[in-house]
1. Within the range 144-171, name every residue whose backbone N is under 12 Å away from a label modeled 7 Å from Cα of Thr224 along the Cβ vector.
2. Give the aspartates and glutamates whose C-alpha is closer than 15 Å to that of Lys64, dropping any in the same chain fewer than 8 places away, or say none.
3. Could you grab the relative contact order for the range 1-142? Cα pairs under 8 Å, six or more apart, rounded to a whole percent.
4. Rounded to whole Hz and in sequence order, give me ³J(HN,Hα) for the range 316-325 from the Karplus expression 6.51 cos²θ - 1.76 cosθ + 1.60, θ = phi - 60°, writing x for Gly and Pro.
5. R0 = 25 Å: FRET efficiency of Thr276 with Asn104, Cβ-based, nearest 0.05?
6. Kindly report the accessible area of the chain per residue (heavy atoms of protein chains, probe 1.4 Å, no ligands, DNA or RNA), in Å².
7. Equivalent ellipsoid semi-axes for the chain, as square roots of 5 times the alpha carbon gyration tensor eigenvalues: give them largest first, rounded to whole Å.
8. Taking the radius of gyration and the Kirkwood hydrodynamic radius from Cα positions alone, what is the Rg/Rh ratio for the range 191-256, to two decimal places?
Amino acid sequence: MYNVAIVGATGNVGRKFLEILEERNFPIKTLYLFASKRSAGSKLKFKENEILVEETLEKNIKNKKIDFALFSAGGDISLKFSPIFASYGAIVIDNSSAFRMDKNVPLVVPEVNPEDITWHNGIIANPNCSTIQAMIPLKVLLENYGIKRIVYSTYQAVSGAGMQGIADLENGIKGLAPKKFPYPIAGNCLPHIDVFLDNGYTKEEIKMIKETKKILHNSNLKITATAVRVPVLNSHSESINVELEKPYELNDIINLFINAKGLTVYDNINELEYPTALMASGKDDVFIGRIRRDFSTDNGLNLWVVADNIRKGAALNAVQIAELLIRSDM
């Protein structure tokens, strides 16, 4: 049994941590909840218990002998408190972008690069939600055919922007002005997630490019991305165009996907079967469909990939990392 802490417990992902830990019967001895000073003193339910939320302060951490600390409280909190938790013996699994590109911190999707947990130094990074769901099919393709180039086009739900993003969609349907996004999201698509960089890409797009290379252990991959916020409550959808190194037979690729852990193939156009955001919401697996040849280039392939961004794209992936650590005796 393990002592587990959730940092950012009152947020969207923090509450999803609680739900998933309970669903999966994670072997918890004592559960500790941390959040901001504003949320401290409130209580959250876990199984049959009401657990007090404490302020994230070192004095509240140091005597608890925490084994796992699941973080989803933003990059600044992660940068400040992850090393503190680690210094007291916890393994931190961080859901922010704070450590993802740190060369000394593993960036892990358990179905894709589980071996990377072996070199952690007390902190493991959870990838970006939009990256996580793409990794499972791409790892299959990389291992069996090699990859020359990837083109990402994402259609990302407002839940990825937190409670304010959800509020903007709900209020926008009522005709109210947005507060989170620069333009109304209701009935609209915004090709703008996170801040714009000097090269014209957004930070979200560059995250996907860099994280893909790190997770797949291939710094030479050619990747481009366009990330779009869409008026969908939950679950991210992605069109992924891949140029493979080797020729392929479509049925062979589909069979590989069918046998891939964490991936559900839902692809029968004759029956109008293809993944949707509503279908994926609340599910553990990544869904894939519209699997078809790209005739415009040699060995080209088109994929449609959908997953619950709060579940698999954040909380579940982190809990799976902790489970992986337990199985490997940490």
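1. Answer for the range 144-171: 150-153.
2. Here the aspartates and glutamates satisfying the reach criterion relative to Lys64 are Glu54, Glu55.
3. 19
4. Along the range 316-325, the couplings run 4, 4, 5, 5, 5, 5, 4, 4, 4, 5 Hz.
5. Efficiency, from the Cβ-Cβ distance: 0.05.
6. Numbers: 15230 Å² over 330 residues.
Counting only protein heavy atoms, the per-residue value for the chain is 46 Å².
7. Equivalent ellipsoid semi-axes, largest first: 33, 24, 18 Å.
8. Values: Rg = 14.8 Å, Rh = 14.3 Å.
Looking at the range 191-256, the ratio lands at 1.04.
The values are calculated or read from the model by the stated rules, or taken from the named source; none is laboratory data. From a predicted model like this one, the values you see are computed outputs, not experimental measurements. Counting neighbours? That spans all protein chains shown, and the Cβs are built from the backbone with ideal geometry, glycine included. We work out accessible area using only protein heavy atoms, side chains counted, and drop any ligands, DNA or RNA first. Shrake-Rupley method; radii C 1.70, N 1.55, O 1.52, S 1.80 Å.
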